[in-house]
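Trainee: I'd like to ask you about the structure that follows.
The values are calculated or read from the model by the stated rules, or taken from the named source; none is laboratory data. Owing to the predicted nature of the structure, the values given are computational and were not obtained by experimental measurement. Cβ coordinates were reconstructed from backbone atoms using ideal geometry, including for glycine residues, and neighbour counts include every protein chain displayed. For the accessible areas, the whole protein counts, side chains as well, though only heavy atoms, and no ligand, DNA or RNA atoms are used. Shrake-Rupley method; radii C 1.70, N 1.55, O 1.52, S 1.80 Å.
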Amino acid sequence: MTRSRGDARPAPATRWPAIAAVLLIGVAGCGGEPAPPVATTTPPAFPSIIEPPLKTAYSSTVQNVVDVRTVRLSDGEEVRIKGLGAADACWADASTTFAKTMLLEKPVERTPDGEPVVSLRLADGTDYALLAVEMGMTRGENPDDRAMVEAETSASTKRLGRWGPPCVAPSTTATPVPTTPAAPAAPPAPKPVTGCSVAYVVTHTWQGGFRTDVTLRNTGAAEVNGWTLRWTFAGGQTVSEMWNATQRQTGRDVAATAVPYNVAIPAGESVLMGFTASGSSTTPRAFTLNGHACSLA
């Protein structure tokens, strides 16, 4: 039996759920309750924050030394070293000589990059500014820097560099005026006693090398004018650089000779010198000052 085109066909049962869903959505859009949000596992996107690059230290070479706190680096930039005050006039030449010995044509680590006032570290990691103050070459400029204050106090106590002659006159004790009749002529003065002591302190060590401070004290009764300190290494050590003295080494034998600014050591006073060397940090067993044996402090 054939159906005519005008015959109405009943809608399949599967169409009603879809039609009902469309009607419900339309009702909700016409003032009904809003549909609940659809859950998603994708996090919201936020704009990323780009942090500025951190300033890092970089290696350079000191091309020229203007004074104890001013140098020109291999990139041509002249910089001032952070933490150091200007040198005293009485010690300006000596402090510049010290800076040249420690820095000129030497590799250093500069931080931060691109600023006119910088910190410099030597190849062995030593802070140059702290070393300069510790040696008495100049004052620290920041009274709130504890390490600098301690270094300056140490140099002042030991009367090193600008804390000693000629910047500071040696202390003298006034002789009281006699109130009694003149005594008979005194016997001839005894021959001045020559004596010395050496404090040899290894301050830093690293793989294959070490840094040492050597304090030489005049324990005699007369001023030492011109000096050479000698010692013998146990074996294998080689001095690479020395400050506050001129080095000479033959095999295991080392000689440290005074430089112009510390050639004289008054009685009871001391000088501090130091050096870096390769090899083990074994302490030498004996020292002599101008041929006289020194005691170990």
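Trainee: Please state which of the following conditions residue 79 fails to meet, knowing it meets all the rest: (1) out of contact with any helix residue (DSSP H, G or I) (no Cβ under 6 Å at 6 or more places or on another chain); (2) at pLDDT 90 or above; (3) part of a loop (DSSP other than H, G, I, E, B).
Mentor: With (1) out of contact with any helix residue (DSSP H, G or I) (no Cβ under 6 Å at 6 or more places or on another chain); (2) at pLDDT 90 or above; (3) part of a loop (DSSP other than H, G, I, E, B) applied to residue 79, the lone miss is (3).
Trainee: Next question, about the same structure. Anything in region 105-138 that is of a type outside the set (Val, Ile, Thr) and under 18 Å from residue 273 (Cα atoms)? List them, or say none.
Mentor: 122, 124, 127, 128, 129, 130, 131, 132, 134, 135, 136, 137 - these are the residues of region 105-138 that are of a type outside the set (Val, Ile, Thr) and under 18 Å from residue 273 (Cα atoms).
Trainee: Kindly indicate the residue of region 100-109 that is in a helix (DSSP H, G or I) and more than 14 Å from the chain's Cα centre (by Cα) and also modelled with the lowest pLDDT among those meeting that condition.
Mentor: Taking the candidates together, the pick is 101.
Trainee: Would you say residue 201 is at pLDDT below 90 and either among the β-branched types (Val, Ile, Thr) or surrounded by 13 or more Cβ atoms within 10 Å (Cβ to Cβ) (or both)?
Mentor: no
Trainee: Right, next: In region 214-242, what residues are among the aliphatic types (A, V, I, L, M) and either open to solvent by 20 Å² or more (accessible area, probe 1.4 Å) or more than 29 Å from the chain's Cα centre (by Cα) (or both)?
Mentor: Listed by number, the residues that qualify are 221, 222, 224, 234.
Trainee: Out of region 97-128, which residues are without any contact (Cβ under 8 Å) to a residue 60 or more places away in the chain and among the hydrophobic types (A, V, I, L, M, F, W, C)?
Mentor: Result: 99, 103, 104, 108, 117, 118, 120, 122, 123.
Trainee: Here's something else I'd like to know. Only residues that are assigned to a strand (DSSP E or B) and either open to solvent by 10 Å² or more (accessible area, probe 1.4 Å) or of a type in the set (Val, Ile, Thr) (or both): list them for region 243-265, please.
Mentor: 246, 247, 248, 249, 250, 253, 254, 257, 264, 265
Trainee: Which residues, taken from region 59-78, are farther than 18 Å from residue 261 by Cβ and surrounded by 19 or more Cβ atoms within 10 Å (Cβ to Cβ)?
Mentor: Across region 59-78, the qualifying residues are 60, 62, 71.
Trainee: Specify which of the listed residues (131, 122) is closer than 18 Å to residue 58 by Cβ and open to solvent by less than 50 Å² (accessible area, probe 1.4 Å).
Mentor: That would be 122, the only listed residue that is closer than 18 Å to residue 58 by Cβ and open to solvent by less than 50 Å² (accessible area, probe 1.4 Å).
Trainee: Any chance region 281-290 includes a residue that's surrounded by 19 or more Cβ atoms within 10 Å (Cβ to Cβ) and in a loop (DSSP other than H, G, I, E, B)?
Mentor: Among the residues of region 281-290, not one is surrounded by 19 or more Cβ atoms within 10 Å (Cβ to Cβ) and in a loop (DSSP other than H, G, I, E, B), which makes the answer no.
Trainee: Out of (1) within 12 Å of the chain's Cα centre (by Cα); (2) open to solvent by 40 Å² or more (accessible area, probe 1.4 Å), the odd one out for residue 88 is which?
Mentor: (1)
Trainee: Scan region 110-151 for residues that are among the small types (Gly, Ala, Ser) and outside any loop (DSSP other than H, G, I, E, B) and jot them down.
Mentor: Selection gives 119, 129, 132, 140, 147, 151.
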